[in-house]
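Accompanying notes for the structure given below.
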Amino acid sequence: KNIIPSATAQTVAAATRSGDSKAKIGTYENLDGYLAAEGYQAFHALMSGVLTRKDVFRELEVSGLRGLGGAGFPVAQKWRFLDGQTKPRVVAVNADEGEPGTFKDRHLLETQPHRVLEGALIAAFSIEADDVYIYLRDEYPHIHTILSTEIEQLMRRALTHGIRLHLRRGAGAYVCGEESAMLESLEGKRGLPRNRPPFPAQAGLFGRPTLVNNVETLYWVTDILNTGGADFLARGRRHFYSVSGRVKTPGVKLAPAGVTVRQLIDDYAGGMSEGHVLKGYLPGGASGGLLPASLADVPLDFGTLEPYGCFVGSSAVVVLSDHDDVPNLVRDLMDFLAHESCGQCTPCRSGIPKLQSFLDDPHAHRDIIEELSQVMRDGSICGLGQAAPNPVISALRHFSDDFKPKDRA
Ligand code: NAI
Ligand code: SF4
């Protein structure tokens with residue numbers, strides 16, 4: 001169940017928590033290793049005509065694969081948006097995972113980079129793009145080294161069949177993980193999210209129709225092309241969860257979509273840390289809200305948490321215990337979002353500080369908090385501002401008593 005040894009998992013989690021920018025390059029599957037394990041077979045099958053673009057779309061459709069950057073958009077449908085768009089077209093790989101508590105893409109790139117690269121090449125061939133841009137978060141310099149080395153090998157051996165792979169560094173801004181801000185940043189501009197529409201599929205990088213996919217999504221594309229969409233479906237939808245916080249063995253866990261936090265803790269993460277009792281959890285990092293221990297058996301999947309005012313996003317599960325202080329955590333999360341807001345639209349730029357100002361006595365400001373949050377959801381340009389009220393609203397809903405009496409003197 002747990003595909004990486006717990007020692008590795010702990011190293012990954014610990015390094016991520018400490019923002020370790022000096023992470024060492026560990027053992028990973030290099031080009032020779034990947035080829036020996038029959039890597040690039042699916043891409044080769046496409047290039048040699050054994051598989052067609054039509055086959056790719058059909059297999060993706062059958063698999064039901066959904067985007068794993070957080071939004072869960074159906075992948076086949078997203079790729080089809082490129083049909084009939086002008087050329088040249090581009091693929092942009094979003095490797096800027098900045099959601100606090102998310103480190104699954106890092107794990108995939110630092111262990112199986114070619115599986116992701118093959119997915120990107122399959123995507124490029126399928127949507128008839130000549131260029132793939134990989135936008136890698138700058139906090140992962142060791143992965144930059146891995147990718148530059150492996151891309152050079154691929155190009156030198158002409159294994160990309162003319163598709164150009166470009167590796168670009170982010171610069172530490174959370175908002176640049178938002179797809180349109182990422183495109184701006186790739187163009188060398190400040191990472192300000194664009195109004196959508198037009199969506200990247202219509203006008204993306206340098207104005208070209210662009211397919212944006214997350215690292216883990218492309219990882220599974222390769223798997224689906226190798227074994228077939230029906231097989232992927234039959235094995236049951238699975239994906240990687242980043243589990244951290246008050247558990248014995250934090251790390252990246254491969255688990256079925258819809259696993260519960262109780263199962264993640266007990267069956268995948270070695271149980272709660274010694275002396276800690278489950279108090280609640282963040283199901284989707286900073287923006288996905290907070291849930292209480294009483295909701296530890298709710299399936300974690302796209303759409304299952306909305307009734308509780310939360311979402312699973314990129315599956316960054318942070319486990320909280322009786323040692324954690326919810327009002328302080330909410331303050332920290334709001335500080336983070338305030339710091340990372342790009343400031344270009346008023347509901348987000350002014351709304352977050354306004355929400356922060358209510359945190360000393362949120363109960364007294366309940367109505368205005370609700371109203372302001374709705375304005376932020378409706379009026380913010382991008383997901384950062386739209387989701388920013390989630391920590392406050394969900395904490396008030398599920399941890400109401402924690403805000404008093406200490407925070408309500
Ligand atoms: P979205 O639902 O607006 O869009 C999803 C994707 O579908 C996008 O690529 C969009 O271009 C495409 N799309 C949607 N409608 C379309 C249409 N009519 N035509 C063409 N393309 C269309 O979600 P968004 O804003 O891209 O992502 C939000 C999610 O990102 C959140 O749920 C959050 O969990 C996640 N997130 C992930 C982070 C990470 O580190 N992995 C960081 C922050 C947020
Ligand atoms: Fe910038 Fe916030 Fe507006 Fe997004 S919602 S564009 S981060 S100000």
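The values are calculated or read from the model by the stated rules, or taken from the named source; none is laboratory data. This is a predicted model, so every value here is computed, not measured. Ideal geometry is used to build each Cβ from the backbone, glycine not excepted, and the neighbour counts take in all protein chains shown. In case anyone asks, the SASA skips ligands and DNA or RNA and just uses the protein heavy atoms, side chains included. Shrake-Rupley method; radii C 1.70, N 1.55, O 1.52, S 1.80 Å.
Observations on the model:
- Residue in the range 304-315 that is modelled with pLDDT of 95 or more, among the aromatic types (F, W, Y), more than 16 Å from ligand 1 (Cβ to nearest atom) and in contact with a Gly (Cβ under 9 Å, 6 or more places away or on another chain) present: no
- Restricting G236, G204, G280, G228 to those that are in contact with a strand residue (DSSP E or B) (Cβ under 8 Å, 6 or more places away or on another chain) and surrounded by fewer than 18 Cβ atoms within 10 Å (Cβ to Cβ) reduces the list to G236.
- One residue stands out among those in the range 338-356 that are in a loop (DSSP other than H, G, I, E, B) and within 16 Å of ligand 1 (Cβ to nearest atom): the one that is surrounded by the fewest Cβ atoms within 10 Å (Cβ to Cβ), which is Q344.
- Extreme residue, farthest from ligand 2 (Cβ to nearest atom), among residues of the range 296-313 that are farther than 17 Å from Y241 by Cα and surrounded by fewer than 17 Cβ atoms within 10 Å (Cβ to Cβ): P307
- Criterion violated by A316 - all others in (1) open to solvent by 10 Å² or more (accessible area, probe 1.4 Å); (2) away from ligand 2 (no atom under 16 Å from the Cβ) satisfied: (1)
- For first residues located in the range 274-287 and within 16 Å of ligand 2 (Cβ to nearest atom), partners that are charged (D, E, K, R) and outside any strand (DSSP E or B) and lie 6+ apart or on another chain with Cβ distances below 6 Å form the pairs G285/E99.
- Candidate set from the range 253-270 (those that are assigned to a helix (DSSP H, G or I) and open to solvent by 20 Å² or more (accessible area, probe 1.4 Å)); member that is nearest to Y241 (Cα to Cα): Y268
- With respect to (1) charged (D, E, K, R); (2) within 13 Å of ligand 2 (Cβ to nearest atom); (3) assigned to a loop (DSSP other than H, G, I, E, B), the lone exception for R377 is condition (3).
- With respect to the stated conditions, R164 fails to be touching a Phe, Trp or Tyr at 6+ places or on another chain (Cβ under 6 Å) and surrounded by fewer than 23 Cβ atoms within 10 Å (Cβ to Cβ).
- Scanning the range 321-337 for residues that are open to solvent by less than 60 Å² (accessible area, probe 1.4 Å) and either polar (S, T, N, Q) or on the phi > 0 side of the Ramachandran plot (or both) gives a single hit, S321.
- Selection within the range 159-179 - among the hydrophobic types (A, V, I, L, M, F, W, C), within 20 Å of S126 (Cβ to Cβ) and free of Cβ contacts under 8 Å to residues at least 60 places away in the same chain: I163, L165
- Whichever residue in the range 357-392 is away from ligand 1 (no atom under 16 Å from the Cβ) and closer than 25 Å to G177 by Cβ and, among such residues, is nearest to the chain's Cα centre (by Cα): V392
- Among residues of the range 43-81, those that are of a type in the set (A, V, I, L, M), under 17 Å from L211 (Cβ atoms), in contact (Cβ under 8 Å) with a residue 60 or more places away in the chain and part of a helix (DSSP H, G or I), counted: 4
- Filter result for G177 (of a type outside the set (D, E), modelled with pLDDT under 95 and within 15 Å of ligand 1 (Cβ to nearest atom)): no
- Scanning the range 107-136 for residues that are out of contact with any strand residue (DSSP E or B) (no Cβ under 7 Å at 6 or more places or on another chain) and open to solvent by 10 Å² or more (accessible area, probe 1.4 Å) yields E110, T111, Q112, R115, F125.
- Of all residues assigned to the range 290-304, none qualifies as being on the phi < 0 side of the Ramachandran plot, assigned to a helix (DSSP H, G or I) and among the β-branched types (V, I, T).
- Of all residues in the range 95-104 being within 16 Å of ligand 2 (Cβ to nearest atom) and either part of a strand (DSSP E or B) or touching a helix residue (DSSP H, G or I) at 6+ places or on another chain (Cβ under 6 Å) (or both), the one that is farthest from Y140 (Cα to Cα): G98
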